[in-house]
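The values are calculated or read from the model by the stated rules, or taken from the named source; none is laboratory data. None of the values given here were measured: they were computed from a predicted structure. Because the Cβ atoms are built from the backbone with ideal geometry, glycine has one as well, and the counts that use them run over all protein chains shown.
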Amino acid sequence: MASIWRSLLYLYPPSYRREYGEEMRAVLLDVQAESSGQGVWARWRTSAREMAGLVSGALQQHLRSMTGFNRAIFSPRRFAMHSEFRFPKSTAVLMIVILAAVVMAIEKATAIASSQWPRTNTPLGPIHPAGFTFLPTMAVVFAIAAFAGTVGWTVLFALQRSGVHRLSACNPASEERSGLGLGTGS
Amino acid sequence: MESLPVTEPVLLILLSLAGEPRHGYAILRDTEEMSDGRVRLSTGTLYGALRRLLNDGWIERCREDDNARGRQSYRLTQLGRRNLQMEVARLKQLTRVASLRVARKEV
């Protein structure tokens, strides 16, 4: 069992293995020694937990080494860049709704213009409606905006211009909370 | 990039290091004991969290007499201790309010 765990350590980036490989190997040996005295079911659970932890940990470290993103992949607070500064998701949704409305207005205006052209003496022909396009338009605009936003944010993140790196560089809770009067003694 | 409030595993790791420096396996056992066996960290999860806490300056490595088999101990820094105190204060306030609300509902 320990040999499988040790082999999973090779999934980690080399720099990580150099820094933590020996320590993790020692801990895995301790965990194996502890579990050897347990029943089959408990050993199986321990093995599954360790393997899952090693695989997900390796994935996270590779992601981190590629992007510099210093957080768990499945963190429920991915958008919480700082505890006092949260990404205004409602603003993004409102902006997309406004964008969808603008797109729809342009579409309607085009339909009206095409019904008036060419100008004749005959009364205005029927306006060719673009159909009941509100929901499809919203869906398409949402999809395009989400895709464009994701691509843009990824580019900014890769260039370390998203602001996340700057926030992580400064001490969390140092400046903002220093005036709260909380003791720091041990 | 660890920010407050912290997740339960990270809180337990910080609490484990609050009393004394510990190495990896001791942290695993202590977190399990503190949570009555509810939280059982894997080695991969533990070292992912330790690395983030090290990078953020919440914990630091320290020398230990028994450093055989590649064992390395960790302890809280001043920043880590201050953040842990703030988190504990937040939890205290939350449990106080929760107790009052639950008690009021039961009356």
Query - Those residues of region B:3-42 which are free of Cβ contacts under 8 Å to residues at least 60 places away in the same chain and part of a loop (DSSP other than H, G, I, E, B), in sequence order - result: B:Ser3, B:Thr7, B:Glu20, B:Pro21, B:Ser35, B:Asp36, B:Gly37, B:Arg38, B:Val39, B:Arg40, B:Leu41, B:Ser42
Report summary line: Within region B:25-52, residues more than 8 Å from chain A (Cβ to nearest Cβ), surrounded by fewer than 22 Cβ atoms within 10 Å (Cβ to Cβ) and more than 20 Å from A:Gln32 (Cα to Cα) come out as B:Met34, B:Ser35, B:Asp36
Query raised in the report: Does A:His165 qualify as being surrounded by 11 or more Cβ atoms within 10 Å (Cβ to Cβ), at pLDDT below 80 and part of a loop (DSSP other than H, G, I, E, B)?
Result: no
